[in-house]
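This report refers to the structure that appears directly beneath it.
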Amino acid sequence: MITLTINDKEVSVEDGTLILEAAKQAGFHIPTFCYQPILSRLASCRICLVEIEGQRKLQPSCVTPVMPGMKVQTESQDVKEARIGVLEFFLSNHALDCPVCDKGGECELQNMVYKYGPKKGEFTEKKERFHEKDYILSPVIVKNSNRCVQCLRCVRVCDEAVGRTMLGPMGRGAHQEETSFLKSYMDCDQCGNCIEVCPVGCFMRLPYRYRARPWDLKSASTICPYCATGCRMDIQERGGEYIRAISKFGKGVNSELMCARGRFGFDFLNNEDRLTKPLRKKDDGTFEEITWAEALETIKTNFKLSSPERIGAIISARNTNEEFYLLQKLMRTVLKSNNIDSSPRWSSDAVSAYVTACGINEGGTSIADSIDVDTVLITGSHISDENPVTDYLLRRAFDTRRIGVIIASPRAMKLDSSAQMTLRNIPASDGTLLKAVVAELYTAKPEAFKGVTGLTKIKTLDSATLSKDCGVALDDIKATTGKLLKSDQISILAGTEYLRFPESLEGLVFLRDALRALKKDLKILPLLDRCNQRGAWDMGIHPAFTPGYEALEKEGLGCDRMVQAADDRQLDMLYVICENIAGLYPDAKYAVSALSKLKFLVVQDVFMSETAKLAHIVLPGAAFAEKDGSFTNQEGRAQKIDSLLPPPGEAKTALEVIAAIGRELDYGFGPSTADEVLAEIREATSMYREVEIDTARNDSALVKGKPAALRIADFLGKKRFDDVEAENKPSLPVPVVKVKPLSFKLVTGNHLFYSGTIARRSHTLRNLVSGPMVEVSVADAERLGLSDGDTVRVKGKYHEAILTLKSKKGSRDGIAFIPENFTEVGLNRFLKRGEGIQEVTIRKI
Amino acid sequence: MLTEETKTHIEGLLNKYKTRRSAVMPALMHAQKQNAGNLTEEDMREVADYIGLNPVVTNEIVGFYTMYNPLKDIGTYHIQVCANLSCSLRQAEFIIEYLEKKLDIKSGETTKNKRYTLTRVECLGSCGTAPMMQINDDYFEDLTVSKVDEILSNLD
Ligand code: SF4
Ligand code: SF4
Ligand code: SF4
Ligand code: FES
Ligand code: FES
C-alpha cells in the first residue's frame, strides 16, 4: 500500500495505482479522453493533467503511478487553466456542429466544455476541415472526422480488443485523421466498438444517424439475446420503435464491448413479420385468426385428450429462467410428463454428459477467473465467431498478461494470432486429440497417476495412433503437453462441438481428471451459443433432471426422441416455444415428416418459423426486450433483464401463456409474474437461492452448485454411453469418415453476423452478410481453381445448394463450413439422422 | 505488383529483423523505388500482405513519413526541401520560393514535363549544414540560390 495526499486528503492505495484511479477512490473526478482502462496507455490528450508538489510541470494522471508521500492537486489554478487550454485547443479545429451531431446531449467533449470552459475561443486561424460530408465506412458505420479529439480510442479498441486493426491515424499533427485504409469501405467485424468508445460524434451508427436525440429515447437494461457471453446492454426506443442498443463502460462482463449481433441485431424486434394474433390452421392448410380464449380452449381440450407420456414440450434457449421454470412445472406437475428439452441440434444425452464433464451442475465459473491463469485451452468452439466478446476478453488477457493460449479447431479463427499453438484437428475428433494429450501427460508423469481411481483407461491410450486419428502431428501434441505441464493454473474452454459430437466428451473428462491428478488448478468454462442455454439446463429443461440438476428416476424423452416418437406415432402433442425444430434438427426431411404426424402441435413464436407452419395453433410470442426476468450466461451468471415495450399486437410472453394454459388445466396453477417465479426458483434450488440478480451489482450473480449432483459415471462410464450404443442411437454423428479427393467434410456452427432464427429477421445483420456462403481453406480453394465470391454448387448425398465461396487462410484442408442458420440453405437438409458427418463436393457454376 | 526483385529484398529484410513488422518501413521504400518513386495503393496492400499486417498499417506509415509518396505522380527528380526550424532560420523559405519560381510550380506539384517534383519536408537530420534539400537519394547542403542553379543544371 502507498499513502499519498490528494487535494489535502490522505489516501492509501495499492502499489502501482495510477493517480487517476487513486483520485477516483478518494472521491475526486479527473476528466479523461484518451484513457480507457481496458486499452493500452496513450496519454495523448492531456485533459487529465494534475499538479504534483515538487514537479515543475503538470503530469498526466492517467499514466503516472502514485509514489509514497506524493502531494497531488487536481483542482488547483494551474490545473484548471491547463484543462481549459486543452479544451480550447480541441475546439480550435472542431466542427462545433452539435445541433446536428448524433452525439449532442451525451458527448464527452460537450459535457466537459460546459463544465470547465473555455467561455470563448481565442484562435483566429481558419479551421482545419477534413471533409465536408460524413462518409460511410461500412453498412453500419458513418464517419465525421471534423469532430475528432485524436484520442485514438477507436484505433486501439479495434486493434487491441477486437483484433481487426482496421483503423489507423493517417497523416500527422492537425492533419491526423483516424480512418480506414485510404478511407475505403471496410470488410470488418462490424462490431461498432469504434462507435461506442468514441467520446465525440466521429464514429456514428449508420442505421441510427439523425433519427433521435439521446433525451428522446427510453431505455431498459437487458442482456444481448444472441450468444451466451451474456453482454449487458441498454436497449432504446423512440415512438415505439427499437432504435439503438448501447453498451456502457463498467457495466456487465462486456463493459463497453459488444459484437455486431448484439449491437445491431436487435432490429428483428421491429420486423414487420412479427406474429401479432393467435392463429388456427384451417382444413385447407391456411391459417385463420382466432382469439386467445379460443386458442387456450383448443389447447386445453387437446392436452386433456392425451396421456402424459404422449405429450412433449420444447422451448428454445432464448427464453427466461422464469419461463423455463414455469414450463417444466406445468409439464411435470400438471401434465405429469418429463418430455421436455431445449435444442433440436443435439441430443439430451449429449447435454447430460456435457453438463457433468464441464461441471455445470457444480456452480458458476467466471470468465475473469478463467482467463486469469497460465494457460487457456480452447476446444470444440469457433470462439471468434460464436462468442465474439469472449474472444475480445481473451485477446486482452493475452496482450496484457501474456497468458498462454492453445486453440484446437479445424477452422482458422481471428484469435489464432494470440495463440501460442493452434492445432488443426479433423472435425469431430476433439476428444481424440485430448486423449492423445492425456496419453502424453501419462507418459511424462506416470507417478502422478498412481493410486488415482477411475483413470485406468488412460494407461491404455496410445498417443501415436490417437494423433493419426485426429490429424494433429505428434510433435504438436507433445508441445501442448509440455505447455500444460509447465502451467499451474489451467482453464479449458469447451464449446458446442462437444454437444454435436458427444463421443468427444470422454477425451475432455480424461483430460480434466488427468490435470486434476497432476494437481493443476483447473477451471472449465462452457462456451455456449444461445443466450440462456445454461439457464434452460439449470431450470430443468431436460428429460433427465429437474431444476438444480436433480436426476430423475425415470427419464422422459429429449427432443430427438420426441421427434422419433412423433414419427412412430407414439407422441400426440407437442408444445413448442420459439424453437425451430424443422429448421435445425439435423435431418430436415425426417423432422418435417415426423412433426406432420402429430395430432396436435402448438407453437408459440415471434415469427412464422418452418416449425410454426406445421402447427395447428400458432401463438404470437414476445422477444427479449419485451420480457422481465433473468438469463444465465455461460459462466453461470444470472442476470436480470427488463422489458422496454409491450409485445406487438396481441402477442404475449411465454410466461403469460404458460401460466394461462396452466390455469386452464388446473385452477390453482401459478405463480404468474417473473418476480414470483424467481422467488419460487430460489425455493426450489439451492443453486439460485443466494444469487444476486440486481443489475447494479451482479458480482455475486454466479450460481452455486452442488459438486457432482449428477454422477459422471452415470453418463460416461457405464450406463449412458453403452445404453445409447445399444439402443437406437440418436443422431450422434460417427466420427472420422474417409475423405475422397476433393470431397469435403461438412461442418457447421454460427456465423459472426448470423446465428439463428432471430438474426435472420434483423435487416441490419442481413445487410452485413452477402448471402449464404460456404467456407473452405485457401489451399482447397486453389486446388479447385476457385476464388472468393465465386458461385458454387455444394452437393451432398441428400441435398445441394448454390452458395458463395469464401476461403480462409490457415483452416484445415478438406473441410467445408456452412453456417447452420441460413434459411435459404437449410443446412439440416444435407444431414441424415444416424449418419453423422456428411461429405459434400464443391463445383464452380 | 511487387517484382521478384522487390520481394527478394523484402525477404532479406524479414530475415534481418526479429519481428516481421520491423521490416515494413524499408520494405515500403523498396516498393517505392521499384515504381520510380511512386507508391501505389496496390503496393501498400501487397507489402502489408507480404509481411502479414493489415493494410491500414502501411497507410499509417506512408501518411506519417514524408519520404513516402503515396498515390502521387512524382517526377524524375524529387526535390525535397527541409522547412523545419534550423533550415527555416537559415532562409529555407527563400530557397523554396526561389525553386517555385524557377520551376514554375507550387511546392507539392510536379512540372508539366514530369521532370521535377518539389516538396516541403520536415527535418532531414542535416541541421548543421542548413539550409538543405534532398534530390532523389542525395543530400545538397549549405544551399544558396546560385548553388541551387548549379545543382539543377548538373542533373543528368
Ligand atoms: S466495427 Fe469493429 S472491426 Fe470494424 S472498424 Fe470498428 S472496431 Fe474495428
Ligand atoms: S474518431 Fe473518436 S475515438 Fe477516434 S480518435 Fe477521434 S475522437 Fe477519438
Ligand atoms: S458476444 Fe454474444 S452476448 Fe456479447 S454482444 Fe455478441 S452475441 Fe451478444
Ligand atoms: S486521459 Fe490522460 S492524457 Fe488523455
Ligand atoms: S531542420 Fe532542416 S535538416 Fe534539420
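Quick check on segment A:169-178. Is at least one of its residues more than 18 Å from A:Leu42 (Cα to Cα), without any contact (Cβ under 8 Å) to a residue 60 or more places away in the chain, away from ligand 2 (no atom under 16 Å from the Cβ) and surrounded by fewer than 24 Cβ atoms within 10 Å (Cβ to Cβ)?
no
In this structure, does A:Arg83 turn out to be part of a loop (DSSP other than H, G, I, E, B) and away from ligand 5 (no atom under 16 Å from the Cβ)? Lay out the reasoning, then the answer.
On the way: part of a loop (DSSP other than H, G, I, E, B): no; away from ligand 5 (no atom under 16 Å from the Cβ): yes.
So A:Arg83 does not fit the description; no.
Looking for whichever is closer than 24 Å to B:Phe140 by Cβ and aliphatic (A, V, I, L, M) here; the options are B:Val81, B:Val62, B:Val47. Which one fits? Full working, then the answer.
Working: B:Val62 fails: closer than 24 Å to B:Phe140 by Cβ; B:Val47 fails: closer than 24 Å to B:Phe140 by Cβ.
Exactly one of B:Val81, B:Val62, B:Val47 is closer than 24 Å to B:Phe140 by Cβ and aliphatic (A, V, I, L, M), namely B:Val81.
When you go through A:Asp159, A:Asp134 one by one, which is the residue that is among the acidic types (Asp, Glu) and away from every other protein chain (no Cβ under 11 Å)? Full working, then the answer.
Numbers: A:Asp159 fails: away from every other protein chain (no Cβ under 11 Å).
When all the criteria are applied, what remains is A:Asp134.
More than 14 Å from every other protein chain (Cβ to nearest Cβ), aromatic (Phe, Trp, Tyr), touching a residue at least 24 places away in the same chain (Cβ under 8 Å) and part of a loop (DSSP other than H, G, I, E, B): is that true of A:Phe123 in this structure?
Numbers: more than 14 Å from every other protein chain (Cβ to nearest Cβ): yes; aromatic (Phe, Trp, Tyr): yes; touching a residue at least 24 places away in the same chain (Cβ under 8 Å): yes; part of a loop (DSSP other than H, G, I, E, B): yes.
Judged against the criteria, A:Phe123 is a match.
Is segment A:251-262 home to any residue that is crowded, with 17+ Cβ neighbours inside 10 Å, within 16 Å of ligand 1 (Cβ to nearest atom) and under 24 Å from B:Pro55 (Cβ atoms)?
Just the residues of segment A:251-262 that are crowded, with 17+ Cβ neighbours inside 10 Å, to begin with: A:251-262.
Within this subset, residues satisfying the condition of being within 16 Å of ligand 1 (Cβ to nearest atom) are A:254-262.
From the residues that got through so far, the ones that are under 24 Å from B:Pro55 (Cβ atoms) too are A:259-260.
Yes, there is a match, as at least one residue in segment A:251-262 is crowded, with 17+ Cβ neighbours inside 10 Å, within 16 Å of ligand 1 (Cβ to nearest atom) and under 24 Å from B:Pro55 (Cβ atoms).
Looking at A:Cys198, A:Cys188, A:Cys202, can you tell me which residue is of a type outside the set (Ser, Thr, Tyr), on the phi < 0 side of the Ramachandran plot, touching a residue at least 40 places away in the same chain (Cβ under 8 Å) and within 16 Å of ligand 3 (Cβ to nearest atom)? Write out each step before concluding.
Details: A:Cys198 fails: within 16 Å of ligand 3 (Cβ to nearest atom); A:Cys202 fails: within 16 Å of ligand 3 (Cβ to nearest atom).
It is A:Cys188.
Looking at this structure, is A:Cys148 within 16 Å of ligand 1 (Cβ to nearest atom) and either over 20 Å from A:Glu196 (Cα atoms) or within 14 Å of chain B (Cβ to nearest Cβ) (or both)? Let's see the steps before the verdict.
Working: within 16 Å of ligand 1 (Cβ to nearest atom): yes; either over 20 Å from A:Glu196 (Cα atoms) or within 14 Å of chain B (Cβ to nearest Cβ) (or both): no.
For A:Cys148, the condition - within 16 Å of ligand 1 (Cβ to nearest atom) and either over 20 Å from A:Glu196 (Cα atoms) or within 14 Å of chain B (Cβ to nearest Cβ) (or both) - is not met.
Mind telling me which of the residues A:Val197, A:Val140 ends up being within 16 Å of ligand 4 (Cβ to nearest atom) and either away from chain B (no Cβ under 13 Å) or out of contact with any helix residue (DSSP H, G or I) (no Cβ under 8 Å at 6 or more places or on another chain) (or both)?
Numbers: A:Val140 fails: within 16 Å of ligand 4 (Cβ to nearest atom).
Step by step, each of A:Val197, A:Val140 is checked, and only A:Val197 is within 16 Å of ligand 4 (Cβ to nearest atom) and either away from chain B (no Cβ under 13 Å) or out of contact with any helix residue (DSSP H, G or I) (no Cβ under 8 Å at 6 or more places or on another chain) (or both).
Consider segment A:409-424. How many of its residues are within 18 Å of A:Lys483 (Cβ to Cβ) and over 19 Å from the mean Cα position of the chain (by Cα)?
8
Scan segment B:98-156 residue by residue and report those that are farther than 22 Å from B:Leu85 by Cβ and part of a helix (DSSP H, G or I).
If the condition is that a residue be farther than 22 Å from B:Leu85 by Cβ and part of a helix (DSSP H, G or I), then B:Lys101, B:Lys102, B:Leu103, B:Ser146, B:Asp149, B:Glu150, B:Ile151, B:Leu152, B:Ser153 are the ones that fit.
Taking B:Met1, is it in a helix (DSSP H, G or I) and not aromatic (Phe, Trp, Tyr)?
Working: in a helix (DSSP H, G or I): no; not aromatic (Phe, Trp, Tyr): yes.
No, not satisfied.
Of everything in segment A:12-30, what is touching a residue at least 40 places away in the same chain (Cβ under 8 Å) and touching a Lys or Arg at 6+ places or on another chain (Cβ under 7 Å)? Give them in sequence order.
Across segment A:12-30, there are no qualifying residues.
Specify the residue that is farthest from A:Leu109 (Cα to Cα); the eligible residues are those in segment A:2-58 that are among the hydroxyl-bearing types (Ser, Thr, Tyr) and under 40 Å from the mean Cα position of the chain (by Cα). If you could, list the steps in order and put the result at the bottom.
First pass over segment A:2-58, keeping only residues among the hydroxyl-bearing types (Ser, Thr, Tyr): A:3, A:5, A:12, A:17, A:32, A:35, A:40, A:44.
With the extra rule that they be under 40 Å from the mean Cα position of the chain (by Cα), the set shrinks to A:12, A:17, A:32, A:35, A:40, A:44.
On the way: A:Ser12: 31, A:Thr17: 26, A:Thr32: 10, A:Tyr35: 14, A:Ser40: 21, A:Ser44: 15 Å.
Across segment A:2-58, the extreme among qualifying residues is A:Ser12.
Can you tell me which residue in segment A:791-845 is nearest to B:Asp49 (Cα to Cα), limited to those that are touching a helix residue (DSSP H, G or I) at 6+ places or on another chain (Cβ under 9 Å) and of a type in the set (S, T, N, Q)?
A:Ser807
Whether any residue in segment A:221-244 is in contact (Cβ under 8 Å) with a residue 40 or more places away in the chain, assigned to a strand (DSSP E or B) and within 16 Å of ligand 1 (Cβ to nearest atom) is what I want to check.
no
Is there a residue in segment A:573-593 that is within 23 Å of A:Gly826 (Cβ to Cβ), free of Cβ contacts under 8 Å to residues at least 60 places away in the same chain and among the β-branched types (Val, Ile, Thr)? Can you show your working first?
Taking segment A:573-593 as the starting set, the residues that turn out to be within 23 Å of A:Gly826 (Cβ to Cβ) are A:574, A:576-593.
Now drop any that are not free of Cβ contacts under 8 Å to residues at least 60 places away in the same chain, which leaves A:582, A:592-593.
Next, only the ones that are among the β-branched types (Val, Ile, Thr) stay: A:592.
Yes: one or more hits.
Could you list, in sequence order, the residues of segment A:398-417 that are closer than 14 Å to A:Val376 by Cα and either in contact with an Asp or Glu (Cβ under 7 Å, 6 or more places away or on another chain) or among the β-branched types (Val, Ile, Thr) (or both)?
Scanning segment A:398-417 gives A:Asp399, A:Ile403, A:Gly404, A:Val405, A:Ile406, A:Ile407, A:Ala408, A:Leu415.
Within segment A:781-795, restricting attention to residues that are in a helix (DSSP H, G or I) and in contact with a Leu (Cβ under 8 Å, 6 or more places away or on another chain), which residue is farthest from A:Gly810 (Cα to Cα)?
Within segment A:781-795, the subset in a helix (DSSP H, G or I) is A:781-783.
From what is left, the residues that are in contact with a Leu (Cβ under 8 Å, 6 or more places away or on another chain) are A:781, A:783.
Working: A:Ala781: 12, A:Arg783: 15 Å.
For segment A:781-795, the residue satisfying everything is A:Arg783.
Report every pair of residues separated by at least 6 positions or lying on different chains whose Cβ atoms are under 8 Å apart, first residue within segment B:12-29 and on the phi > 0 side of the Ramachandran plot and surrounded by 12 or more Cβ atoms within 10 Å (Cβ to Cβ), second among the small types (Gly, Ala, Ser) and assigned to a helix (DSSP H, G or I).
Hits for this filter: zero, empty list.
Could you figure out which of (1) outside the structural domain of B:Val121 (by TED's automatic domain parsing); (2) at pLDDT 95 or above isn't true of B:Cys87?
Exception for B:Cys87: condition (1).
Listed residues B:Glu60, B:Glu109; which is buried (at least 18 other Cβ atoms within 10 Å of the Cβ) and of a type in the set (Asp, Glu)?
Details: B:Glu109 fails: buried (at least 18 other Cβ atoms within 10 Å of the Cβ).
Selected residue: B:Glu60, the only one of B:Glu60, B:Glu109 that is buried (at least 18 other Cβ atoms within 10 Å of the Cβ) and of a type in the set (Asp, Glu).
Return the only residue of B:Ala36, B:Ala48, B:Ala23 being more than 14 Å from every other protein chain (Cβ to nearest Cβ) and assigned to a helix (DSSP H, G or I). Step through it out loud before you land on a result.
Details: B:Ala36 fails: assigned to a helix (DSSP H, G or I); B:Ala48 fails: more than 14 Å from every other protein chain (Cβ to nearest Cβ).
Selected residue: B:Ala23, the only one of B:Ala36, B:Ala48, B:Ala23 that is more than 14 Å from every other protein chain (Cβ to nearest Cβ) and assigned to a helix (DSSP H, G or I).
Out of segment A:205-230, which residues are surrounded by fewer than 24 Cβ atoms within 10 Å (Cβ to Cβ), among the polar types (S, T, N, Q) and within 16 Å of ligand 3 (Cβ to nearest atom)?
Of the residues in segment A:205-230, the ones surrounded by fewer than 24 Cβ atoms within 10 Å (Cβ to Cβ) are A:205-221.
If we keep only those that are among the polar types (S, T, N, Q) too, we end up with A:219, A:221.
The one that is surrounded by fewer than 24 Cβ atoms within 10 Å (Cβ to Cβ), among the polar types (S, T, N, Q) and within 16 Å of ligand 3 (Cβ to nearest atom): A:Ser221.
Specify which of the listed residues (A:Lys57, A:Lys80, A:Lys9) is of a type outside the set (Phe, Trp, Tyr), under 29 Å from A:Cys148 (Cα atoms) and without any contact (Cβ under 8 Å) to a residue 24 or more places away in the chain. Write out each step before concluding.
Values: A:Lys80 fails: without any contact (Cβ under 8 Å) to a residue 24 or more places away in the chain; A:Lys9 fails: under 29 Å from A:Cys148 (Cα atoms).
Just one listed residue meets the conditions, A:Lys57.
Of (1) in contact with a Leu (Cβ under 8 Å, 6 or more places away or on another chain); (2) among the basic types (Lys, Arg); (3) within 12 Å of chain B (Cβ to nearest Cβ), A:Arg172 satisfies all except one. Which?
Single failed check for A:Arg172: (1).
For segment B:59-97, which positions are more than 14 Å from chain A (Cβ to nearest Cβ), part of a helix (DSSP H, G or I) and farther than 15 Å from B:Ser126 by Cα?
Listed by number, the residues that qualify are B:Glu93, B:Phe94, B:Ile95, B:Ile96, B:Glu97.
The values are calculated or read from the model by the stated rules, or taken from the named source; none is laboratory data. Worth saying up front: this structure is predicted, and the values here are computed from it rather than measured. Cβ: placed from backbone, ideal geometry, glycine included. Neighbour counts: every protein chain shown.
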